[in-house]
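Only the coordinates and a few stated rules stand behind these numbers; no lab work does. Predicted model, so just to flag it, every value in this text is computed and none were measured. Here the Cβ positions follow ideal geometry from the backbone for every residue, glycine too, while neighbour counts run over all protein chains shown.
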Amino acid sequence: ETHGIHDELVYSSFLKSYEIVALSDSVPEALIKFPDRILFAEDRIFVVDKADNKLLMFDREGSFLKSTASMVGKGHNEYIRLMDVAMDKESRTLYVHCDAPYQIMVFDFDLNLKEVVQTDYYMDEVVADGRFIYGIRTLYRDETGFELVALERNPFLRAVPLALKTLVLRLALK
């Protein structure tokens, strides 16, 4: 014990329940090199594997359903490097941020591609809520530090590509 902090973690202090789910690796596409982020929604488990450059989808029993592995490439609706994934549960949408090229690929919860939005920069990590996609961008060249970027989705323009407005908060390093 250090300053009243115990080494043991009591799950019941912050979890109502939990279950262990073994993820299937029945096909080579289902293999995971390193799980960078795990997202849970409805009856789906999404695993971001930047080391193997893909987003994988499993059902709640752990059976492999689909991945974005076939979308790696330099063609239309493809990406070279996946960086992070954000989820908006309300709209049942996944935002896959890629840095080669700089873009956000928008998927539904069945991993069907809905649209691709080009961006002007790379963001280290992304998260989403019902209105914004947030990202942390590292500043280079003449400036140092980070920017918190908020991309606003215009909910009234459903028939056209993702409408983005950028709000930037700069954090400078000493």
Using θ = phi - 60° and the Karplus form 6.51 cos²θ - 1.76 cosθ + 1.60, what ³J(HN,Hα) does each residue of the stretch 125-132 get, whole Hz, x for Gly and Pro? 9, 10, 9, 9, 10, x, 10, 10
Given a Förster distance of 30 Å, report the FRET efficiency between PHE40 and ASP120 from their Cβ-Cβ distance, rounded to the nearest 0.05. 0.45
Rounded FRET efficiency, nearest 0.05, which uses the C-beta distance separating SER91 from SER70 and R0 of 25 Å: 0.55
Given 83-95, 22-34, 39-51, the highest-first ranking by average Cβ count within 10 Å works out to 83-95, 39-51, 22-34
Which residues qualify? For LEU139, with a placed amide H closer than 5 Å and at least 5 residues away or on another chain, they are GLY145, PHE146, GLU147
Across the stretch 20-32, in residue order, what do the Karplus-derived ³J(HN,Hα) couplings come to in whole Hz, using 6.51 cos²θ - 1.76 cosθ + 1.60 with θ = phi - 60° and x for Gly and Pro? 9, 10, 7, 7, 5, 10, 5, 10, x, 5, 8, 5, 10
Taking the Cα centre as origin and putting +1 on Lys and Arg beta-carbons and -1 on Asp and Glu beta-carbons, what dipole magnitude results for the stretch 86-133, to the nearest 20 debye? 160
Mind listing the long-range amide H neighbours of ARG37? Cut-off is under 5 Å, sequence gap 5 or more, other chains count too, H placed in the peptide plane at 1.01 Å from N. VAL48
When you have a sec, figure out the Kirkwood radius of the stretch 11-122 from all distinct Cα pair distances and drop it here in Å to one decimal? 14.6
Between LEU113 and VAL21, 0.36 nm times their residue separation minus their Cα-Cα distance comes to what? 30.5 nm
If we count every other residue with Cβ under 11 angstrom of VAL127's Cβ, Lys/Arg +1 and Asp/Glu -1, where does the sum land? -3
Around ASP99, which amide H atoms from residues at least 5 apart in sequence, or from another chain, sit under 5 Å from its own amide H, with H modelled in the peptide plane? ARG81, MET83
